[in-house]
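Reading through the structure tokens given below for one structure.
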Amino acid sequence: MLELKNYRTQVHNDWCPGCGDFGIVNAIQMTLLEMQLEPHRVAIFSGIGCSAKTPHYINAYGFHTLHGRVLPIATGAKLANPGLTVLAVGGDGDGLGIGAGHFVNTGRRNLDFAYVLYDNGVYGLTKGQASPTLSKGKKTKSMPEQAIQDGINPVAMAVASGYTFIARGYALEPKYLASIIVKAIQHKGSALVDVLQTCPTYNDLYTKEWYEGADLPEKRSRLYKLEDKGYDGKVQDPTDAQEIVAKKAAAVARSYETDPIPIGIYYQIELPTYEDAVGQRIPALAEKPLVEQDVFHRDVTPLLEAMR
Ligand code: SF4
Ligand code: MG
């Protein structure tokens, strides 16, 4: 029986005190624990940013990659070794700025993996510039003036891109977030979990107190859970185009609600994965994954002859 300590590392954590990232790492560790996933069967990939240090703090295979490039690298790993549980993690700046093209094209493929997006509205590692999810007109304490570009809605963008499991969580509710990440991993296909994350150092707009509604005349949370309102985003019949469009439209409509903000599962559909399609195209990969194939002793003479 694996315990929580099996998913922790001894690496010194240098995130700012009170950062929402701690809640997300706790949630990922709780997820691995609940699923009893052995650390050597899990691979966590990150891009660049505060959130990109996540693989350092979780005992599993980890790869701290390049800015905006986490998704193609995670994709390659999953295709080479489909037996791994693959998690990609990264910030909103990383994933929706420089990495936006990969965000869209990864959604189109329906690779079986989960992407946890740390969404704090700023580029935390580089001193708090407005990130692609900060709305027009907003100004955090780290910005000299208001943002003059509008923000991207990650849930709506995931719907449009083709992710087959789309959810939103909150970093400071790690148990609930873990329950969502468990479902994201169990889902056979591309899962996006947009996590509302507090950055107390640079974002003084979306703080723990703000999410708790401490400034309201009558204090109440600015978040609500979709399932508590009877919402069900799961497509029952994946061959029913009308149902798909209706569920997508409902997910997008909910994703634009701002007060209160919905968290939970917005959309889910069971469809064939990219691995299924690759296995059909290249039967050798369906029989034996790339990591188990002898790629060093292949006879490429017939290929060279064919190209003469
Ligand atoms: Fe967290 Fe913000 Fe500090 Fe980065 S800058 S570690 S996101 S609080
Ligand atoms: Mg960010």
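The values are calculated or read from the model by the stated rules, or taken from the named source; none is laboratory data. None of these values were measured; they are calculated from a predicted model. Glycine gets a Cβ as well: all are built from the backbone with ideal geometry, and neighbour counts include every protein chain shown. Note: areas computed on protein heavy atoms with side chains; ligands, DNA, RNA excluded. Shrake-Rupley method; radii C 1.70, N 1.55, O 1.52, S 1.80 Å.
Here the mean projected area of the convex hull built on the C-alpha positions of the stretch 179-308 is 14.7 nm². Each Lys and Arg Cβ is given +1 and each Asp and Glu Cβ -1; about its Cα centre, the stretch 124-202 then shows a dipole of about 100 debye. Solvent-accessible surface of protein heavy atoms, probed at 1.4 angstrom with all chains present, puts R220, R298, R8 in the order R298, R8, R220, largest first. When both bridge partners sit in the chain, DSSP labels roughly 20% of those beta bridges antiparallel. Its DSSP H runs of at least 4 residues, each contributing -39,500 (n - 2.57), put the calculated 222 nm mean residue ellipticity of the chain at -9500 deg cm²/dmol, to the nearest 500. With Cα atoms defining each centre, the stretch 195-258 and the stretch 107-149 are spaced 17 Å apart in the structure. Our summary gives the chain a relative contact order of 17 percent, counting only alpha carbon pairs under 8 angstrom and 6 or more residues apart. Considering only H187, Y267, N203, whose Cα is most displaced toward the positive end of the charge dipole of the stretch 115-268, charges sitting on Cβ of Lys, Arg (+1) and Asp, Glu (-1)? Toward the positive end, the furthest listed residue is N203. Solvent-accessible surface of protein heavy atoms, probed at 1.4 angstrom with all chains present, puts S46, S142 in the order S142, S46, largest first. Between H297 and A80, residue separation times 0.36 nm minus the direct Cα-Cα distance comes to 76.4 nm.
Residue-wise HN-Hα couplings along the stretch 9-17, as the Karplus relation 6.51 cos²θ - 1.76 cosθ + 1.60 with θ = phi - 60° gives them from phi, are 10, 9, 5, 5, 9, 10, 5, 4, x Hz; Gly and Pro carry x. Straightening the chain between K219 and V11 buys 71.0 nm, computed as 0.36 nm per residue apart minus the Cα-Cα spacing.
Note on K288/Q186: beta-carbon distance plugged into 1/(1 + (r/R0)^6) with R0 of 35 Å gives a FRET efficiency of 0.90.
For E34 and R281, calculate 0.36 nm times their separation in residues minus their Cα-Cα distance, and state this gained length in nm to one decimal.
Net length gain for the segment: 85.4 nm.
The dipole here belongs to the chain: it is taken about the Cα centre, uses +1 on the Cβ of Lys and Arg and -1 on the Cβ of Asp and Glu, and is about 380 debye. For E209 and D150, the FRET efficiency from 1/(1 + (r/R0)^6), where r spans their Cβ atoms and R0 equals 30 Å, is about 0.75. Where both bridge residues fall in the stretch 109-230, DSSP classifies roughly 15% of the beta bridges as antiparallel.
Residue order by solvent-accessible surface for M1, M307, M143 is M1, M307, M143, largest first, with ligands and nucleic acids left out and a 1.4 Å probe.
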